[in-house]
Amino acid sequence: MSKIIETLKKYHWDSPVIIAVSGGIDSVVLLDALYQSHPQQTIVIAHVNYHLRAESDGDATFVAQLAEKYQAQLVIKDFHNQASSGIEGRARDFRYNFFEELAQQYHSQTVLVAHHADDQVETILLNLIRGGQLNQLTGMSAVRDKVLRPLLNYYRQDLFDYAQEHHLSWREDETNFDPSYTARNAIRQNILPALSALNSGSKRHILDFANQIARQEQLMNQQIQLFLPQLEEDWTKVPEDWLNPTLKRWLTDKGFYRVKNQQLIAIDHLLKNRQKPSGYIDLGGDWQFHKIYQKICLKKKAKKPKKPQENLSVMLELNQWNFLTDKPLCWSNQQPEGYEHVIKLPGLPGVNHLFLRPFKSADRLAIKGGSKAVRRVLIDAKIPLENRHHALVLTANDNKILGLRLPNGKWQMSQDSSAQANQDSTWLVW
């Protein structure tokens, strides 16, 4: 009995099984082997009529005949391309969306496609030429979600031998022999024959390298899994050599499957830039990667805040409540009791009003032994860049800064103000 049939006998599937059949030799062999190995299996044939060749309708008719021969249900879907470029990618997306629709319609967990070892070699070389991530050089997965590729260990010649042995007929797509039609065709018709001329085992060696990479990726993934909790808790705890691969997995787990290499490089530079404790990298769409000191997160782009007017301020009258902030605030000259938050201020003779306003670039807060720019205070307090415009300064009539209200609701008071507190003190309560 054929090795291909023996291979398929090792699988056990619930009915029905969906199988992609183009009419070419690959899918015809897979369909026949499925029928021979699982005679009781309910089979649903999925065929896409791409309408890209004059023979497309003939292919659909031929597949309908196969469905009758193998007592299978048949579903044909038409692809109508409106664009002049990128046809291959759009056709692939259309095809796999179709398979997923059928799987849901028929409540199937198995979609068989007839990719074989030669297809795998071509895919690996294509990915190598186009550039990208190392894991793309492992080729197509034998199993991915509902899609199963049981012929990946067989070469095109093996399928041809099977077809001859079982007296099968198939449709030939003449465009497959045109090296100018697609990059895959160029590899199939020009590159691989040249490599085989240099070494008859070149295709096997390419697959061996891909398998080695896959095994290394598996080992790396096991280690990365251990680093993922550390990454979210404090990214600086992840060893530097493991930071980039751990970030890739973290982004994938968050649903970002197509992060470009340049974006990963930019993220790496941002994390390693000690002069920039917080910042972000655009990931495309509405999303951004944010570094906030030792934390990382993904955020949707915030609407650009209106720039605060530097002359906008709110006057605090003595013993009057103000509602500028998220909690009512009062400046009082009476000893407060029963309030959750109280800050003692010095006596301010002759001052009848205080002012609460957005901070200015020139503002400085008195500290022990000198002063510090308010901007620097916000950085030291690890306030994210996008939140700093919410900071407010408290001033007296002479515009001297008494304190700084951080965007997180906490206050940092001027050392001068706190040092002068006495029996004539006033209080901020909220």
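Descriptive notes on the structure:
- Residue match in region 351-364 (condition: touching a Lys or Arg at 6+ places or on another chain (Cβ under 6 Å), without any contact (Cβ under 8 Å) to a residue 24 or more places away in the chain and over 27 Å from residue 296 (Cβ atoms)): no
- Of residues in region 319-339 being outside any loop (DSSP other than H, G, I, E, B) and at pLDDT below 80, the one surrounded by the most Cβ atoms within 10 Å (Cβ to Cβ): 322
- Taking every residue in region 72-83 that is of a type in the set (Gly, Ala, Ser) and pairing it with any residue that is part of a strand (DSSP E or B) and at pLDDT 90 or above, at least 6 positions away or on another chain, the pairs with Cβ-Cβ distances below 6 Å are 72/43; 72/45.
- Residue within region 135-146 that is within 23 Å of residue 25 (Cβ to Cβ), in contact with a helix residue (DSSP H, G or I) (Cβ under 9 Å, 6 or more places away or on another chain) and among the hydrophobic types (A, V, I, L, M, F, W, C) present: yes
- Meets criteria (at pLDDT 85 or above and open to solvent by 20 Å² or more (accessible area, probe 1.4 Å)) for residue 342: yes
- Residue within region 24-41 that is in contact (Cβ under 8 Å) with a residue 40 or more places away in the chain and in a loop (DSSP other than H, G, I, E, B) present: yes
- Answer residue from region 162-203, given it is of a type in the set (Asp, Glu) and within 29 Å of residue 8 (Cα to Cα) and is least open to solvent (accessible area, probe 1.4 Å) among those: 173
- The conditions of being in contact with a helix residue (DSSP H, G or I) (Cβ under 8 Å, 6 or more places away or on another chain) and of a type in the set (Val, Ile, Thr) are met by residue 367.
- Any chance residue 361 is more than 20 Å from residue 329 (Cβ to Cβ) and loosely packed, with under 14 Cβ neighbours inside 10 Å: yes
- Some residue of region 242-263 being touching a helix residue (DSSP H, G or I) at 6+ places or on another chain (Cβ under 6 Å), modelled with pLDDT of 90 or more and under 27 Å from residue 378 (Cβ atoms): no
- Condition check for residue 283: surrounded by 14 or more Cβ atoms within 10 Å (Cβ to Cβ) and at pLDDT 95 or above: no
- Residue in region 152-161 that is surrounded by the most Cβ atoms within 10 Å (Cβ to Cβ), counting only those that are in contact (Cβ under 8 Å) with a residue 24 or more places away in the chain and assigned to a helix (DSSP H, G or I): 159
- Positions within region 344-362 being assigned to a loop (DSSP other than H, G, I, E, B) and in contact with a strand residue (DSSP E or B) (Cβ under 6 Å, 6 or more places away or on another chain), in sequence order: 359
- Residue within region 10-26 that is under 20 Å from residue 115 (Cβ atoms) and among the charged types (D, E, K, R) present: yes
- Matching residues in region 386-397 - criterion: being open to solvent by 80 Å² or more (accessible area, probe 1.4 Å) and closer than 15 Å to residue 360 by Cα: 390
- Considering each residue of region 375-385 in turn, none proves to be touching a residue at least 12 places away in the same chain (Cβ under 8 Å), over 30 Å from residue 289 (Cα atoms) and crowded, with 16+ Cβ neighbours inside 10 Å.
- Among residues that are small (Gly, Ala, Ser), in contact with a His (Cβ under 8 Å, 6 or more places away or on another chain) and more than 17 Å from residue 110 (Cβ to Cβ), residue 58 is not included.
- Taken over region 204-226, residues that are open to solvent by 90 Å² or more (accessible area, probe 1.4 Å) and among the charged types (D, E, K, R) amount to 2.
- Subset of region 127-148 [basic (Lys, Arg), outside any helix (DSSP H, G or I) and open to solvent by 60 Å² or more (accessible area, probe 1.4 Å)]: 144
Rundown of residues vs (1) at pLDDT 95 or above; (2) under 16 Å from residue 171 (Cβ atoms), yes/no style:
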residue	(1), (2)
52	no, yes
57	no, yes
81	no, no
103	yes, no
113	yes, no
124	yes, no
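- Set 207, 219, 231, 198: member being closer than 30 Å to residue 152 by Cα and in contact (Cβ under 8 Å) with a residue 40 or more places away in the chain: 207
- Looking only at region 51-98, and only at residues there that are assigned to a loop (DSSP other than H, G, I, E, B) and hydrophobic (A, V, I, L, M, F, W, C), the one that is surrounded by the most Cβ atoms within 10 Å (Cβ to Cβ): 72
The values are calculated or read from the model by the stated rules, or taken from the named source; none is laboratory data. Because the structure is a prediction, the values reported are computed rather than measured. Don't worry about glycine lacking a Cβ; one is built from the backbone with ideal geometry, like all the others, and counts go over all protein chains shown. Surface areas here come from the heavy atoms of the whole protein model, side chains and all, with no ligands, DNA or RNA. Shrake-Rupley method; radii C 1.70, N 1.55, O 1.52, S 1.80 Å.
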